Amino acid sequence: MFAMTIDQRGSRRGQDLVDALLADLADAPGVVRRFERTAGDEVQGLLDDADAVVDLALRLARADSWSTGIGTGPVREPVPRSVRAAAGPALENARDAVQRAKTSGPHVAVSGPDPRRARDAEVLLALLASVVQRRTTQGWQVADLLAAGMTQKEAAARLGISPQAVSQRARVAMWQHEQDARPLAARLLREADR
C-alpha cells in the first residue's frame, strides 16, 4: 500500500490551493481511500497502484507548489473509510517522507520499511521531478500532445510547426527519457513496498 502526504509549499504567503487539489485528485486512478485535508494545507490519501503514484508525484512536481511524501508499507486492517482514521507504517513513512521533501530540491521523498529500496525509488523520482520542473512551456506543449497519443507529425500540425521542431522540443524536454523511466520508478516503489 502507498500513502501519500502532500503539503502545500508557501501557503502562508499565498492562497490555499488545497480545495483545487482535492477536486483534481477526486478521480485519480489507483486510489484506495480518497485524498482528504488532514491538517491546514496538507492532504493525504492511500493508493494501491505504483504507476498511479508515479503519475501523481510527477503531476504535483509539474505544479511546483507541493512537497510530496510517499510512504510504503502496511496499513492497519481493516482500512477505515476515511484516510484520517487510517494508521500503520505506510502513513508513518509518508509523514517522514513529506518532512524530508520540504527541504529537498525537487520536493519529493520516499520512505519505507526497507530504507535502501525506498532511497532507490526516491532518487529516481527526484530525478524525474527535476526533469518535469525544468521543462519549458514549449516542451510541455509537445509533451502533453505526445502523452495524449499524438504522433510527432500530428503534434507538429496542431502546433503549426515542423515535425523537426517537435522532435527537437521533445528531445530538449527529455520526454522520451521520462516515459522510459516511469515504469522503473513504479517498479522501485513496488520493491520498496515489500
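The values are calculated or read from the model by the stated rules, or taken from the named source; none is laboratory data. Because the structure is a prediction, the values reported are computed rather than measured. Neighbour counts are summed over all protein chains in view; Cβ atoms, including those assigned to glycine, are modelled from backbone coordinates with ideal geometry. We work out accessible area using only protein heavy atoms, side chains counted, and drop any ligands, DNA or RNA first. Shrake-Rupley method; radii C 1.70, N 1.55, O 1.52, S 1.80 Å.
In segment 64-76, the qualifying residues are those that are surrounded by 17 or more Cβ atoms within 10 Å (Cβ to Cβ) and not polar (S, T, N, Q), and the one that is nearest to G105 (Cα to Cα) is W66. Restricting to segment 140-150, and then to whatever is open to solvent by less than 70 Å² (accessible area, probe 1.4 Å) and assigned to a loop (DSSP other than H, G, I, E, B), can you tell me which residue is nearest to A61 (Cα to Cα)? Per the stated criteria, the residue is G149. Taking every residue in segment 169-194 that is at positive phi and outside any helix (DSSP H, G or I) and pairing it with any residue that is open to solvent by 70 Å² or more (accessible area, probe 1.4 Å) and modelled with pLDDT of 95 or more, at least 6 positions away or on another chain, yields no pair with a Cβ-Cβ distance below 6 Å. In this structure, E122 qualifies as in contact with a strand residue (DSSP E or B) (Cβ under 8 Å, 6 or more places away or on another chain) and under 26 Å from R34 (Cα atoms).
On the basis of being of a type outside the set (S, T, N, Q), open to solvent by 50 Å² or more (accessible area, probe 1.4 Å) and touching a helix residue (DSSP H, G or I) at 6+ places or on another chain (Cβ under 6 Å), does D180 make the cut? Criteria not met by D180.
Return the residues of segment 84-95 that are part of a helix (DSSP H, G or I) and either small (G, A, S) or open to solvent by 70 Å² or more (accessible area, probe 1.4 Å) (or both); say none if nothing qualifies. Within segment 84-95, R84, A85, A90, E92, A94, R95 meet the criteria.
Cβ-Cβ distances below 8 Å connect the following pairs, each with a first residue in segment 83-97 that is acidic (D, E), a second residue that is part of a loop (DSSP other than H, G, I, E, B) and modelled with pLDDT of 95 or more, and a separation of six or more residues or different chains: E92/G73.
Being modelled with pLDDT of 90 or more and open to solvent by 60 Å² or more (accessible area, probe 1.4 Å) is the filter; apply it to segment 2-26 and report the residue that is farthest from V79 (Cα to Cα).
Taking the candidates together, the pick is R9.
The single residue among A61, A109, A57 that is open to solvent by less than 20 Å² (accessible area, probe 1.4 Å), in contact with an Asp or Glu (Cβ under 7 Å, 6 or more places away or on another chain) and within 17 Å of I6 (Cβ to Cβ) turns out to be A109. Taking each residue of segment 139-150 that is at negative phi and looking for partners that are outside any helix (DSSP H, G or I) and open to solvent by less than 30 Å² (accessible area, probe 1.4 Å) with beta-carbon atoms closer than 9 Å, six or more apart or interchain, yields G139/A173; W140/A173; V142/A173; A143/R135; A143/A173. Applying the criterion of being at pLDDT 95 or above and surrounded by fewer than 18 Cβ atoms within 10 Å (Cβ to Cβ) to the residues of segment 35-47, the residue that is nearest to A86 (Cα to Cα) is E36. The residues in segment 96-139 that are within 15 Å of G71 (Cβ to Cβ), among the acidic types (D, E) and in a helix (DSSP H, G or I) can be counted, and the count is 2.
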